[in-house]
1. Any idea what the relative contact order of the chain is, in percent, if you count C-alpha pairs under 8 Å spaced at least 6 apart?
2. If one takes the longest principal axis of the Cα atoms in the chain, at what angle in degrees, from 0 to 90 and to the nearest 10, does the Cα axis of helix 2-21 lie?
3. Taking Cα centroids, how far is the range 28-89 from the range 100-152 in Å?
4. Per DSSP H run of n ≥ 4, the term is -39500 (n - 2.57); total these for the chain, divide by its residue number, and report the mean residue ellipticity at 222 nm rounded to 500 deg cm²/dmol.
5. Only counting other Cβ atoms within 10 Å, I'd like 82, 99, 57 sorted with the fewest neighbours first.
6. Give, as ranges by residue number, the residues of the range 71-110 whose backbone N falls under 16 Å from the point 7 Å along Cα→Cβ of residue 127.
7. Obtain the nm distance between the two label points defined at residue 73 and residue 20 by a simple spin-label model: each point lies 7 Å from its Cα along the Cα-to-C-beta direction.
8. Note down the relative contact order for the range 70-130 as a percent, whole number, built from C-alpha pairs under 8 angstrom at least six residues apart.
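No value in this document is a laboratory result; all are computed from the given coordinates. Because the structure is a prediction, the values reported are computed rather than measured. Using ideal geometry, Cβ is built from the backbone for each residue, glycine included, and neighbour counts are taken over all protein chains shown.
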């Protein structure tokens, strides 16, 4: 659940930076709305961590700063690229959450409910970005994103 909480910290930073650098008012509103929805995920994961008696990542400011930088680059690249970044990010998050659901104990209904709801909403964010005109990212960028996510999830699991 700590990894999912870090993901939601990153989502806040990504959407905030992309809203900051979005060129159209509609896109800025889209990112602001998505950020508001992600606040629920952030709260759910924080609450679940507290219920489990464990802590959030001690590196939260670092995760936020890195994600803000990535979102800024995506935003500066242009609205269609920024939307493409959202699609790829949310698809990767959706896959992570699916694998998390596979690993969660069947009896941990509280965690399963949180992760399942988040997975559905992440898919909706990706679909909305596609509908808004996202440009697919090059394979090399998608690979870099997967590698960065792997580093983040591995470290966040422990720290």
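1. Details: 193 pairs, mean separation 47.0, N = 159.
Averaging sequence separation for qualifying contacts and normalising by length gives 30 percent for the chain.
2. On a 0 to 90 degree scale, this one is about 20.
3. Answer, in whole Å: 12.
4. -29500 deg cm²/dmol
5. Numbers: 82 29, 99 10, 57 20.
In order of increasing Cβ crowding within 10 Å: 99, 57, 82.
6. Answer for the range 71-110: 87-88, 90-92, 94-95.
7. 1.6 nm
8. It rounds to 43 percent for the range 70-130.
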